[in-house]
Amino acid sequence: KNEVEQSPQNLTAQEGEFITINCSYSVGISALHWLQQHPGGGIVSLFMLSSGKKKHGRLIATINIQEKHSSLHITASHPRDSAVYICAVTGNQFYFGTGTSLTVIP
Amino acid sequence: DVKVTQSSRYLVKRTGEKVFLECVQDMDHENMFWYRQDPGLGLRLIYFSYDVKMKEKGDIPEGYSVSREKKERFSLILESASTNQTSMYLCASSLWNRDSIEAFFGQGTRLTVV
């Protein structure tokens, strides 16, 4: 069973493109996280949100609680954005998506 | 400011060694978790703890044990490391209030067992 589904699994974009990664979940949650994992494995927490929208630089995360859906947007994508992006939801434990592997080509 | 610290980013151990992975949080969180990440399988829950000296098995506890003697520290123990325990290990902590939740992740420890 997959409590958290992400799409797409793999994404290749040209530098400068607008990118959207989607996350749908089926469990009741208190919060949703977007994580970034670069080659080499270190994991960085980008956002934690429970409603609405958050913005940090070129990254925007939105969540629709009623539809159980979140999106991560990257504006003006850059090769350094190449990484795996993981959606995680928090209920009584964490549930993780399998990740979206993003490659941004110069 | 780092809130969840895992003691090592990279670790190489020999088969049969006893291995300790340490996770420390400085936010007085009650809940702490250990996950492992493997290609094609994503992140899977090994053990979690809701309080000091309390532990619960996750989805894949075999071959692991944990220790939570103090609120801020949650240790994952590999009693006798095996090559199939080569993986990325991620620690997380959280605090549930009536109206909100606070949660943070460590950076991960990449363990190689040779």
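Return the only residue of A:ALA13, A:ALA31 being at pLDDT 95 or above and aliphatic (A, V, I, L, M).
A:ALA13
Of all residues being of a type in the set (A, V, I, L, M) and exposed (fewer than 14 other Cβ atoms within 10 Å of the Cβ) in the stretch B:37-57, which is farthest from the other protein chains (Cβ to nearest Cβ)? Just the residue, please.
My answer is B:VAL52.
Among the listed residues A:PHE94, A:PHE18, identify the single one that is aromatic (Phe, Trp, Tyr) and under 30 Å from B:ASP59 (Cα atoms).
A:PHE94
Show me the strands (runs of 3 or more DSSP E) entirely contained within the stretch A:7-106 in which 2 or more residues are without any contact (Cβ under 8 Å) to a residue 24 or more places away in the chain and surrounded by fewer than 21 Cβ atoms within 10 Å (Cβ to Cβ).
A:43-49, A:52-56, A:59-64
Looking at the stretch A:53-106 only, could you name the residues that are within 14 Å of chain B (Cβ to nearest Cβ) and closer than 12 Å to A:ALA13 by Cβ?
Those that are within 14 Å of chain B (Cβ to nearest Cβ) and closer than 12 Å to A:ALA13 by Cβ: A:THR100, A:SER101.
Residue-by-condition table, conditions (1) on the phi < 0 side of the Ramachandran plot; (2) more than 14 Å from chain A (Cβ to nearest Cβ); (3) crowded, with 20+ Cβ neighbours inside 10 Å:
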position: B:LYS18; (1), (2), (3): yes, yes, no
position: B:MET32; (1), (2), (3): yes, no, yes
position: B:TYR35; (1), (2), (3): yes, no, yes
position: B:SER67; (1), (2), (3): yes, yes, no
position: B:ALA81; (1), (2), (3): yes, yes, yes
position: B:TYR89; (1), (2), (3): yes, no, yes
position: B:TRP96; (1), (2), (3): yes, no, no
position: B:ARG110; (1), (2), (3): yes, no, no
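The values are calculated or read from the model by the stated rules, or taken from the named source; none is laboratory data. This is a predicted model, so every value here is computed, not measured. FYI the Cβ positions are ideal-geometry reconstructions off the backbone, even for glycines, and counts take in every protein chain you see.
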